[in-house]
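The values are calculated or read from the model by the stated rules, or taken from the named source; none is laboratory data. What you see is a predicted model, and the numbers here were worked out from it, not measured in a lab. A quick note on method: Cβ atoms are made from the backbone with ideal geometry, for glycine too, and the neighbour counts reach across all protein chains shown.
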Amino acid sequence: MNKNIEHYIFRKENFLEESYCETCIDELSAGVWRKHYWYDQRKSHNNRYEKDTELDILFVSSQQNKNILKINDLILQRLHSTILEYIKNLQFDWFGGWEGYSDIRFNRYSPGQEMRNHCDHIHSLFDGERKGIPTLSILGILNDEYEGGELIMCEDKKIDTKKGDLLIFPSNFLYPHKIAPVTKGVRYSYVSWVW
């Protein structure tokens, strides 16, 4: 087992073609966006922080736009083989599968917006019948025509990404990550979580 935690950050270049990423962004402009909130498990509710500079998010499950639903379906279809590729690269004979993964959530960062440091212990994916937290985090990049907005992992490691890339990494406390404030342009990405 590799003891370097960066070994478990997997990058799939060109997961989505650049032209398809542009199509996605065009379609997302017609979607219904809302402000990102943090869930406080100790208080069982969402928190909004003072001087909130959090990103905007779009949940596919709340959309009526058929084109956005098609984007979700295409990404989820492609995810399956990429998750298998990640697991195969781990070479762990004891880790071979997963129960499922969430619908896509799209992220939009305008100038001044960011995502604060966190790990992906997302309880809201689980409804009582499904219990737990995610085991893997999925992060896809839809554009790179912006400034700032760097993905920072494990406190100080800047992860280089480009349009069309997909990252997979463990969702646990060893992988804190954040998005630095965008300074120019708009950053688009998407996320999903595997359990």
*Of all residues in the range 147-177, which are touching an Asp or Glu at 6+ places or on another chain (Cβ under 6 Å), farther than 21 Å from I87 by Cα and touching a residue at least 24 places away in the same chain (Cβ under 8 Å)?*
K162, K163
*Check off (1) crowded, with 17+ Cβ neighbours inside 10 Å; (2) over 22 Å from A180 (Cα atoms); (3) among the hydrophobic types (A, V, I, L, M, F, W, C); (4) touching a strand residue (DSSP E or B) at 6+ places or on another chain (Cβ under 6 Å) for I87 and give me the number that stays unchecked.*
(4)
*Can you tell me which residues in the range 140-152 are closer than 15 Å to I75 by Cα and assigned to a strand (DSSP E or B)?*
G140, I141
*Within the range 73-83, how many residues are under 16 Å from I25 (Cβ atoms) and surrounded by 20 or more Cβ atoms within 10 Å (Cβ to Cβ)?*
1
_Checking the structure you have, find out if any residue of the range 98-120 is surrounded by fewer than 17 Cβ atoms within 10 Å (Cβ to Cβ), within 17 Å of the chain's Cα centre (by Cα) and without any contact (Cβ under 8 Å) to a residue 60 or more places away in the chain._
yes
_Residue count for the range 1-39, restricted to those that are assigned to a loop (DSSP other than H, G, I, E, B) and touching a Leu at 6+ places or on another chain (Cβ under 7 Å)_ = 6
*Any residue at all in the range 117-139 that is over 24 Å from T23 (Cβ atoms), assigned to a helix (DSSP H, G or I) and modelled with pLDDT of 85 or more?*
no
*Any idea which of I68, I57 is more than 30 Å from N4 (Cα to Cα), among the β-branched types (V, I, T) and more than 16 Å from the chain's Cα centre (by Cα)?*
I68
_Here's a check for you: in the range 142-195, which residue that is among the β-branched types (V, I, T) and within 19 Å of C21 (Cβ to Cβ) is surrounded by the most Cβ atoms within 10 Å (Cβ to Cβ)?_
I168
